[in-house]
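Q: Below are the structure tokens for one structure; questions will follow.
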Amino acid sequence: MIMNKKLIGIGLTVLMAASMLAGCSAGEQTAGANSPGGEDGVFTIAYAPNESTTESADARNGLAKDLSETLGCEVEEIQASDYNAIIEALRTGKADMAYMGSQALALGVERTDLEPIVMKAEDGDPEKAIYHSVLIASSGNNEINSIEDIKGKTMAFVDPDSTSGNLVPTAEIIRAFPDDALNSDILHTNGDFFEAVSFSGSHQAGLQAVIKGDVDVVPISDQILASEIAHGNAAESDVKIIHESGAIPAEAMVVGEHVDQETRDKLTEFLTSYENENYFTDVIKLPGARFVACDMSDYEEIIELNKIINEF
């Protein structure tokens, strides 16, 4: 599927767990090589820390139960420590499917033959299968009102493999300071561009760090920011957006190379028709969203941008 959307306004021209789980129960599909769950009979979905909240755990379990009926075997989830752990789980077959952002996908294709099958889209509209990275500061910080004000301040990126929490904001900052000859190493080294720089581990943790005054600036997905405010974990008045990126292709469900085509087809049909609103509100962080079919072509520009950033 090729969508007509402008990916990341910066463009390429700017930068040229879990233990093993029990198998299918009696009456379900027998475990084995031909089972969607593989040898142990369990189909495993991996999620990143950004989906680790009380609300999302219940919603994820709901999807696992529904998908189990479609696949005819047990479906379980694992909570990975980070995106690298997810990629490794897919590579080794410890996970069969995973939900990940586009930079994690870009890193993953360098290590294993994964494939995106669906991506989230607002209102189920393929043209809206995008989101943005925003830089935020405390609303009470009068020294920071735009991206041009962040030099010399303290910054907490989200995770090295986060699209909206690291890759895109890194590129946006490089573009905003053309005379500083910046690169990724400079932006991630204490005392070079920022007074101090760190990784928060999750969008939610970064948001709280800014609110508490532990750091001056953090990047965050605009959809996660809206979700945190909607769930009462932050007040809209706590922070201010000082910069917004161009459009980023939305997160995807990807499958490992060991997942056969018949199972991929079942997964795509199930996910594109899935209507559990709790799942999209609490896990996907976008009320009213649905999954739409996608393929690797939707992520080509992010893959190329990732290569360019990592070459510096």
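The values are calculated or read from the model by the stated rules, or taken from the named source; none is laboratory data. Note that this is a predicted model, so its numbers are computed, not measured. These area figures cover heavy atoms from the full protein model, side chains too; ligands, DNA and RNA do not enter into them. Shrake-Rupley method; radii C 1.70, N 1.55, O 1.52, S 1.80 Å.
Q: Take every DSSP beta bridge whose two residues both sit in the stretch 128-235, then give the antiparallel share in percent to the nearest 5.
A: Of the beta bridges lying entirely in the stretch 128-235, close to 50 percent run antiparallel.
Q: Using all alpha carbons of the stretch 183-232, what is the percent of pairwise distances in each 10 Å bin, ordered from the shortest bin to the longest?
A: Once binned at 10 Å, the Cα pair distances of the stretch 183-232 give 24, 48, 22, 6.
Q: How much accessible surface area, in Å² rounded to 10, belongs to the heavy atoms of LYS307 with a 1.4 Å probe?
A: It works out to around 90 Å².
Q: Now, a different point. I'd like the accessible area for PHE157, computed on protein heavy atoms only with a 1.4 Å probe and all protein chains in place. Round to 10 Å², please.
A: Only protein atoms counted, so the area is about 0 Å².
Q: Could you tell me what fraction of 2.2 N^0.38 Å the Cα radius of gyration of the stretch 265-312 comes to, as a two-decimal ratio?
A: Against the compact-globule rule of thumb, the ratio is 1.57.
Q: Sort GLU228, GLU69 by heavy-atom solvent-accessible area, probe 1.4 angstrom, most to least.
A: Result, largest first: GLU69, GLU228.
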